[in-house]
1. Could you give the spread of the C-alpha atoms of region 9-88 along their three principal axes, from largest to smallest, in whole angstroms?
2. Rounded to the nearest 0.05, what FRET efficiency is calculated for Asp64 and Leu217 with R0 set to 30 Å and r the Cβ-Cβ distance?
3. Any idea what Rg and Dmax come out to for region 35-189 if you just take the C-alpha atoms, in Å?
4. ³J(HN,Hα) across region 157-167 via Karplus (A = 6.51, B = -1.76, C = 1.60, θ = phi - 60°), whole Hz, x for Gly/Pro?
5. Please report the relative contact order for region 45-159, taking Cα pairs under 8 Å with a sequence separation of at least 6, and give it as a percent rounded to a whole number.
6. Would you calculate a helix-derived [θ] at 222 nm for the chain, using -39,500 (n - 2.57) for each DSSP H run of n ≥ 4 and dividing by the full residue count, to the nearest 500?
7. What's the carbon and sulfur percent of region 124-233's accessible surface, probe 1.4 angstrom, rounded to a whole number?
8. Mind checking the per residue accessible area of region 92-228 for me, 1.4 Å probe, whole number of Å²?
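The values are calculated or read from the model by the stated rules, or taken from the named source; none is laboratory data. The model shown is predicted, which means the values in this text are computed figures rather than measured ones. Here the Cβ is made from the backbone with ideal geometry for all residues, glycine too, and neighbour counts use every protein chain on show. The protein model used for the area step is the full one, side chains on, heavy atoms only, and it has no ligands, DNA or RNA in it. Shrake-Rupley method; radii C 1.70, N 1.55, O 1.52, S 1.80 Å.
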Amino acid sequence: MAGGKGTRLHPYSALFPKPLMPLGDMPILELLLRRMRAAGVREVIIAVNHLRHLIEVYFGDGSDLGLKLYYSDEEKPLGTAGALGNMLPHLDDTFFVTNGDLLTTMNLRNMALRHIAENADASVGVYERENKIDFGLIEFDARNRMCAYREKPTSKYHVSMGVYILQREAVRPHVSNVDYLDMPNLLLKINGNNGNVVCYQDNCVWLDIGRPDDFALAQKMFEEDREAFLGHA
């Protein structure tokens, strides 16, 4: 999925599509495509809209990466899941969906094997994040009497990595002829239809470059351990 405007990454993304933002000497989308190729993927459909010509000129037909690349244009934003409606005739029974702006060392092949073993309708890559509050957290009752005081507490939670594996027939009823549908709502619809939605957690590095400070961190991470992020076929 490479059609978003990347508004959180302004002003960089005003003139440059976020998937082409460079890490070292290559755009972040290229790193993801290399990782897909290493996992056995051979054909990729890239959903494009914002500054699509730059993405298409850079990657072309994908032959330089050992892939066959196709492009699906959105006349209007359809959402991360709604864009699948235009692609249904060209999708395999089982396929990956990823955001085009993430940096990860995730083992996509292992995720695919787990998806098949679990007979899943959808698999979601999840990542554990830690949130630290930089203040003392105080709890008090209705009479303003202190009940608890926790100094700079830390909480852990799981977030979606923006990496999914889906079954075409499981998504077909929900993405056909829709004006807009995001991935969370698609997964909830599959789950509500008694579909088997599985969460997959990998011991990996993951970062979404949606904000300028995340992009700066991604630059640093890539420079420090370049080989870890390059997929090797």
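1. So the three principal-axis extents are 34, 31, 19 Å.
2. For R0 = 30 Å, the calculated efficiency reads 0.60.
3. Looking at region 35-189, its Cα Rg and Dmax stand at 20.5, 69 Å.
4. Going residue by residue, I get 8, 10, 10, 6, 7, x, 10, 9, 10, 10, 9 Hz, with x marking Gly and Pro.
5. 16
6. Only helices count here, giving -8500 deg cm²/dmol.
7. Here carbon and sulfur together make up 47 percent of the probe-accessible area.
8. 61
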